[in-house]
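Structure, as structure tokens:
No value in this document is a laboratory result; all are computed from the given coordinates. The structure presented is a predicted model; accordingly, all values stated were derived computationally and were not measured. Every residue, glycine as well, gets a Cβ built from its backbone with ideal geometry; the counts of neighbours run over all protein chains shown.
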Amino acid sequence: MRDFEQDVIRSANFDGSVKLSYFSWSLAAQMLFGKCPRAYFIRYMIAQGGWDQFCHPAAASAYREKHLQKLDFFLGDLFHESVNEALIAVSTADIRIRKQLFDKILLKSISKRLSAMSFALKNPTDDPKSLHLLELRGAKRLFSSPDEVVYYAAQTLKNAYTSLIVSELPGELFTLPGSVWNVQNKYVSFQVDGVPVYIHPGLIFQSQGKLHCIDFVCSENEPNEQDFSPRKAAIFSLFAENYRSCSDIFYREFCFNDKTAVLREIAPVSKSEIRDWLRSGIHEIQSKLRPDGKYYIADFFCLENQPDVCEKCQFQDTCRLLNRATNAASESSV
Ligand code: SF4
């Protein structure tokens, strides 16, 4: 039986350390670690167990902030889910009417999700798992109201829809049997040196001996030298080789925003390069594990001297809380 008294004592004695029973790697985690190790510690370590009413306030805050959604990611997922729903609906339809049916169902799926998004934004709840957007938070918020967000989302999704239905993708898909489309919207994992590596493979299908992957990416930014897409494609090629027995991949991104939408091919970096990069990323984080089997916040440095990074950070509240707790601890030890 649960000992609530012990729970309360444990939370009061929180010393900034976390004992993880499970460690995994993902590109998003590595990118966050590269941006700010403190943010990584908050998102992937302290937030674990933050749903518990007896956890430390920092864990509860981390859990809440971890569930804040970035609008671009949210719209990328929304569009992907809508495409999946339309594909499932037409997978058994006659090949001659598939395209027409797909266009119709896709539009309906997008509209349904946009309405749900609008309702969630206008009727917020305290549940961290309900929709809370980063862009509607704080003094420097990007949108002043849910209506503004919904207008932007509608423009963006309309643009994505009109571009996708005239792209080469539906033609490619509809000449194949529906049974070869993999329409799950889930993360999958594979192991590298015993560590689970998670990827979100997008829409997958096999054609002419190749494993095709279409990733749906909503982004305001143009690709630049910081573009991780070739690495993402290479991680997918490791997954394809080891877990789908397919060494030939064709990786594309359907990138869209409120002004443009394009289906672009991404050439992966080499498999040896990505394996080395993955291993060094995993090692960099795991090397912070201390001999007592715990990770300590003091080993995950804060980027306080980079205000532009902090201004956009979704973990500002938790970071402030932790700074206050650290300062209070050092004052009381004087
Ligand atoms: S507020 Fe700044 S220092 Fe704190 S976690 Fe975010 S980026 Fe890192």
Exercise. So what is the relative contact order for segment 71-267, in percent, with contacts set as C-alpha pairs under 8 Å and at least six apart?
Worked result: 21
For this session: Could you work out how far the C-alpha centroid of segment 257-303 sits from that of segment 48-100, in angstrom?
Result: 22
Problem set entry | Cα-centred dipole magnitude for segment 71-267, charges only on beta-carbon of K, R (+1) and D, E (-1), debye, nearest 20 | 520
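Per residue, how big is the convex hull of the chain when only Cα atoms are used? Give it in Å³. Provide the component values of the computation, followed by the final result.
Numbers: hull volume 57.9 nm³, N = 334.
In the chain, the Cα hull volume divided by residue count equals 173 Å³.
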For this session: Mind listing the long-range amide H neighbours of Cys246? Cut-off is under 5 Å, sequence gap 5 or more, other chains count too, H placed in the peptide plane at 1.01 Å from N.
Result: Glu241
Problem set entry | Max mean-square fluctuation residue, GNM over the chain, Cα-Cα springs under 10 Å, options Leu203, Leu20, Leu157 | Leu20
For this session: Report the relative contact order of segment 133-220, percent, no decimals, based on alpha-carbon pairs under 8 angstrom and at least 6 residues apart.
Result: 14
Exercise. Got the relative contact order for the chain handy, in percent, Cα pairs under 8 Å and 6 or more residues apart?
Worked result: 22
Seminar exercise, completed: Taking the dipole of the chain about the Cα centre (Lys, Arg +1; Asp, Glu -1; charges at Cβ), the one of Leu106, Gln191, Phe236 that reaches farthest to the positive side is Leu106
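For the chain, give me the percentage of DSSP beta bridges that are antiparallel, rounded to the nearest 5 percent.
Numbers: 19 of 30 bridges.
That works out to approximately 65 percent antiparallel.
With both partners inside segment 71-267, how many of the DSSP beta bridges are antiparallel, as a percent to the nearest 5? Intermediate results must be reported in sequence, preceding the final value.
Details: 17 of 25 bridges.
Among the beta bridges of segment 71-267, antiparallel pairing accounts for roughly 70 percent.
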For this session: Would you please give the residues with an amide H less than 5 Å from that of Ser207, counting only those at least 5 places away or on a separate chain, with H modeled from the backbone geometry?
Result: His212
Exercise. Taking only DSSP H segments of four or more residues, each worth -39500 (n - 2.57), what value at 222 nm results for the chain once the sum is divided by all its residues, to the nearest 500 deg cm²/dmol?
Worked result: -15000 deg cm²/dmol
Exercise. How large is ³J(HN,Hα), in whole Hz, for each residue of segment 70-86 in order, when computed from phi with the Karplus curve 6.51 cos²θ - 1.76 cosθ + 1.60 and θ = phi - 60°, using x for Gly and Pro?
Worked result: 8, 4, 4, 4, 4, 5, x, 5, 4, 5, 4, 4, 5, 4, 4, 4, 5
Exercise. Counting only residues 5 or more places away or on other chains, whose amide H sits under 5 Å from the amide H of His132 once H atoms are built in the peptide plane?
Worked result: Gln69
Exercise. For segment 55-61, what does the Karplus curve 6.51 cos²θ - 1.76 cosθ + 1.60, with θ = phi - 60°, yield as ³J(HN,Hα) per residue in whole Hz, taken in order and with x for Gly and Pro?
Worked result: 6, 5, x, 5, 5, 5, 5
Problem set entry | DSSP-assigned coil residues among chymotrypsin sites (Phe, Trp or Tyr not before Pro) in segment 247-319, each with at most 14 further Cβ atoms within 10 Å | Phe301
For this session: Would you mind checking the radius of gyration and Dmax of segment 71-267 based on alpha-carbon positions, in Å?
Result: 17.7, 53
For this session: Would you kindly derive the ³J(HN,Hα) couplings of segment 247-260 from the backbone phi angles with the Karplus curve 6.51 cos²θ - 1.76 cosθ + 1.60 (θ = phi - 60°), listing them in order in whole Hz, with x for Gly and Pro?
Result: 9, 10, 10, 10, 9, 10, 10, 9, 9, 8, 8, 6, 10, 10
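Once you charge only the Cβ atoms, +1 for Lys and Arg and -1 for Asp and Glu, what is the size of the charge dipole of the chain about its Cα centre, to the nearest 20 debye?
Details: 39 positive and 40 negative charges, 101 e Å.
Dipole magnitude for the chain comes out near 480 debye.
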